[in-house]
Amino acid sequence: MTSDHPAPVTVIGLGSMGRALAGAFLDAGRPTTVWNRSEGKGDDLVARGAVLAATAEEAVRASGLTVVCVVDYDASQAILEPLADALAGRVLVNLTSDSPERARTAAAWAGERGIAYLDGAVMVPTQLVGGPEALILYAGERPVFEKYQSVLEELAGRSAYLGGDHGLAAVYDLSMLDLFYASMSGLVHAFALAREDKVAATALAPYLNSITAILPDIAAGMAAAIDAGNYDGEQANLSMMTASVDHLLHMSRDRGLDTGQLEAIKAVADRAVAEGHGADDWVSTIEVLKLKG
């Protein structure tokens with residue numbers, strides 16, 4: 001269709017993220033049909049011009065492209081299984097978060113039924129969906145992604161294609177969330193540590209930028225070192241840095257704070273030192289993360 005008559009889309013799942021996705025399509029002027037398993041959702045989207053389908057099959061048949069975003073793949077497959085005939089010959093984009101294995105299983109199911117399938121992961125909170133800074137990752141058939149790329153960019157200014165393995169979006173998603181939740185936990189613990197000595201969180205926060213500002217360069221350097229297998233610790237070695245973790249443990253214990261995360265960090269570092277990485281960079285700990293036995 002021409003830009004004057006944009007192709008319609010369907011969004012299944014009207015939780016907070018699903019509503020944000022449908023809203024982004026509407027903001028772009030795209031005809032949008034929506035459906036949700038439980039009633040009582042979607043009235044705000046209808047007020048903005050969406051069509052609320054009476055059934056999931058009606059929603060799917062309204063468009064050549066269906067985007068589904070629900071709580072997990074158990075939920076998405078429960079919805080999609082009865083829709084195999086309706087989806088055949090159409091495009092399904094699954095933005096539900098789950099494991100790489102579940103994504104690959106869903107892709108196989110779709111392929112066996114003649115459904116063009118992309119798996120994806122939304123990497124921003126709902127309020128950023130539809131904006132130029134939003135990032136959504138996609139994996140699956142390249143021709144399908146390229147055909148619908150301009151449509152998908154209405155959901156996120158950065159729509160990144162990762163490759164033909166349908167599990168890749170979930171791999172990237174969970175790896176990035178690994179960093180996110182570990183960082184969030186570390187921030188909370190840092191604020192708790194400072195509070196025990198009567199330092200307000202708002203007083204500490206501006207100085208944390210000295211650490212967060214160097215993380216992009218550290219991440220790039222670590223990535224290069226891992227891929228090259230070169231863990232040169234000339235600038236700062238693991239044995240030296242574990243001493244700092246000991247200081248954190250002592251202070252935290254003295255103030256009655258939980259030390260679970262710090263103890264886990266120290267245990268991995270100690271294992272790496274014991275295996276001969278004491279003179280290497282911290283990134284060498286990657287070699288002992290794989291559990292044995």
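Any read-out appearing in this document is the output of simple, stated calculations on the displayed coordinates, not a laboratory observation. Predicted model only: the values in this text are computed from it and were never measured. Because the Cβ atoms are built from the backbone with ideal geometry, glycine has one as well, and the counts that use them run over all protein chains shown.
Points to keep in mind about this one:
- Answer from Asp246, Asp270, Asp227, Asp217 - the residue that is of a type outside the set (Gly, Ala, Ser), loosely packed, with under 15 Cβ neighbours inside 10 Å, part of a helix (DSSP H, G or I) and in contact (Cβ under 8 Å) with a residue 12 or more places away in the chain: Asp246
- Whichever residue in the range 265-292 is basic (Lys, Arg) and over 25 Å from the mean Cα position of the chain (by Cα) and, among such residues, is nearest to Ala219 (Cα to Cα): Lys266
- Residue check: Lys198 meets all listed conditions (1) of a type outside the set (S, T, N, Q); (2) touching a helix residue (DSSP H, G or I) at 6+ places or on another chain (Cβ under 9 Å); (3) not in a helix (DSSP H, G or I) but one, namely (2).
- In the range 92-116, the residues that are among the polar types (S, T, N, Q) form Cβ pairs under 6 Å with partners that are assigned to a strand (DSSP E or B), at six or more places apart or across chains, as follows: Asn94/Val68; Asn94/Asp119.
- Reported count of residues in the range 67-91, each being surrounded by fewer than 22 Cβ atoms within 10 Å (Cβ to Cβ) and touching a strand residue (DSSP E or B) at 6+ places or on another chain (Cβ under 6 Å), is 0.
- Tabulated pairs, the range 162-188, first among the charged types (D, E, K, R), second surrounded by 12 or more Cβ atoms within 10 Å (Cβ to Cβ), C-beta under 7 angstrom, 6+ apart or interchain: Asp165/Ala139; Asp173/Ser97; Asp173/Ala121; Asp173/Met123; Asp173/Leu137
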